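Participant: Attaching a single structure in structure tokens format; questions to follow.
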Amino acid sequence: MKIFSYKIEHDYGLAPNPFHGYCTLAVCKSQIRNNRNLEIGDWIIGTGSKALKNTYELIFAMRLEEKITFNEYWQDDRFNNKKPVINGSLVQMYGDNIYHQIADSEEWVQENSAHSLKDGVTNEAHLKRDTGGEFVLISEEFYYFGDESPIIPDELKEVCSKGRDFKSPSIPANVAENFITWLETNYSTGIHGDPISWNEHIK
């Protein structure tokens, strides 16, 4: 069991998307989604940052249960509710089921979404970065805290990434195991709070 850990600079419920019974990572963090060392049963966690004013707090943790392609994600009825509705609720607006390819073509479609430009015009920079990760990561065993993010105990803060990229091989096995034990002992799975950056829509 490995932990892939990264800092979250903004949290809209898009990456990760914890809604409709599944926590999914379908956009951003292509270096994790495409990582050949990432295996079923590993954990992906996102911790706070200076940008969110919650350094060393846990925003989410998910145990990887499935890795599927964008086309499989788009076609799977389980994830229809994750297809974005740009004029819908905040949950709908930040749907992450955005990408698929035209039949018998390698051409990508980027749906009108939080990652497209005004009026649904394709954002080429997001498209290139997002589709650079081959897989969509899926979990039903997840903890999403958002604006209720708990402080990670001092003895476990080594799980936090200090750079811009993710952290995994350098997390000692005993720290990783103790972190998961702390998480499972103190919290129940599911959604505990709203995405932190939704405050921008309330102001």
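The values are calculated or read from the model by the stated rules, or taken from the named source; none is laboratory data. Note that the coordinates shown come from a computational prediction; the quantities given were computed from them, not determined experimentally. Cβ: placed from backbone, ideal geometry, glycine included. Neighbour counts: every protein chain shown. In case anyone asks, the SASA skips ligands and DNA or RNA and just uses the protein heavy atoms, side chains included. Shrake-Rupley method; radii C 1.70, N 1.55, O 1.52, S 1.80 Å.
Here's the yes/no breakdown for (1) closer than 15 Å to A15 by Cβ; (2) among the polar types (S, T, N, Q); (3) touching a residue at least 12 places away in the same chain (Cβ under 8 Å):
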{"site": "Q101", "(1), (2), (3)": "no, yes, yes"}
{"site": "D119", "(1), (2), (3)": "no, no, no"}
{"site": "L127", "(1), (2), (3)": "yes, no, yes"}
{"site": "S168", "(1), (2), (3)": "no, yes, yes"}
{"site": "T185", "(1), (2), (3)": "no, yes, no"}
{"site": "G193", "(1), (2), (3)": "no, no, yes"}
{"site": "S197", "(1), (2), (3)": "yes, yes, yes"}
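Participant: While we're on this one: I want to confirm something. Restricting to the stretch 25-74 and keeping residues that are touching a His at 6+ places or on another chain (Cβ under 8 Å) and open to solvent by 50 Å² or more (accessible area, probe 1.4 Å), which single residue is farthest from E134 (Cα to Cα)?
Facilitator: A51
Participant: Okay, moving on. From D96, D119, grab the single residue that is farther than 30 Å from I151 by Cβ and either at pLDDT below 95 or not small (G, A, S) (or both).
Facilitator: Values: D96 fails: farther than 30 Å from I151 by Cβ.
Result of the check over D96, D119: D119.
Participant: Ok, one more. Just to verify a result, which residue in the stretch 4-18, among those that are among the aromatic types (F, W, Y) and under 11 Å from the mean Cα position of the chain (by Cα), is surrounded by the most Cβ atoms within 10 Å (Cβ to Cβ)?
Facilitator: Here is the first cut: in the stretch 4-18, the ones among the aromatic types (F, W, Y) are 4, 6, 12.
Applying the additional criterion that residues be under 11 Å from the mean Cα position of the chain (by Cα) yields 6, 12.
On the way: Y6: 22, Y12: 18.
Selected residue: Y6.
Participant: Quick one: in the stretch 41-87, of everything that is among the hydrophobic types (A, V, I, L, M, F, W, C) and assigned to a helix (DSSP H, G or I), which residue is nearest to K29 (Cα to Cα)?
Facilitator: So the first thing to find is which residues in the stretch 41-87 are among the hydrophobic types (A, V, I, L, M, F, W, C), and the list is 43-45, 51-52, 58-62, 64, 68, 70, 74, 79, 85-86.
From what is left, the residues that are assigned to a helix (DSSP H, G or I) are 70, 74, 79.
On the way: F70: 14, W74: 19, F79: 20 Å.
Per the criteria, the residue is F70.
Participant: Now a separate question. Can you name the residue in the stretch 91-117 that is more than 20 Å from S30 (Cα to Cα) and surrounded by 14 or more Cβ atoms within 10 Å (Cβ to Cβ) and, of all such residues, is farthest from the chain's Cα centre (by Cα)?
Facilitator: The extreme case among them is N112.
Participant: For I86, indicate whether it is open to solvent by 40 Å² or more (accessible area, probe 1.4 Å) and β-branched (V, I, T).
Facilitator: Details: open to solvent by 40 Å² or more (accessible area, probe 1.4 Å): yes; β-branched (V, I, T): yes.
So I86 fits the description; yes.
Participant: While we're on this one: I'd like the full set of residues that are farther than 26 Å from G21 by Cα and under 19 Å from the mean Cα position of the chain (by Cα), limited to the stretch 167-188.
Facilitator: K167, S168
Residue-wise test of (1) under 29 Å from T69 (Cβ atoms); (2) surrounded by 15 or more Cβ atoms within 10 Å (Cβ to Cβ); (3) touching a His at 6+ places or on another chain (Cβ under 8 Å).
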{"residue": "N123", "(1), (2), (3)": "yes, yes, yes"}
{"residue": "D147", "(1), (2), (3)": "no, yes, no"}
{"residue": "K162", "(1), (2), (3)": "no, no, no"}
{"residue": "E177", "(1), (2), (3)": "no, no, no"}
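Participant: What's the total number of residues in the stretch 88-99 that are outside any loop (DSSP other than H, G, I, E, B) and in contact (Cβ under 8 Å) with a residue 12 or more places away in the chain?
Facilitator: Taking the stretch 88-99 first, the residues outside any loop (DSSP other than H, G, I, E, B) are 90-93, 99.
Narrowing further to those that are in contact (Cβ under 8 Å) with a residue 12 or more places away in the chain: 90-91, 93, 99.
So the count comes out to 4.
Participant: Here's a follow-up. In the stretch 9-26, what residues are assigned to a loop (DSSP other than H, G, I, E, B) and modelled with pLDDT of 95 or more? First the steps, then the outcome.
Facilitator: Step one: of the stretch 9-26, the residues assigned to a loop (DSSP other than H, G, I, E, B) are 9-16, 18-22, 26.
Answer for the stretch 9-26, where residues must be assigned to a loop (DSSP other than H, G, I, E, B) and modelled with pLDDT of 95 or more: D11, Y12, G13, L14, A15, P16, P18, F19, H20, G21, Y22, A26.
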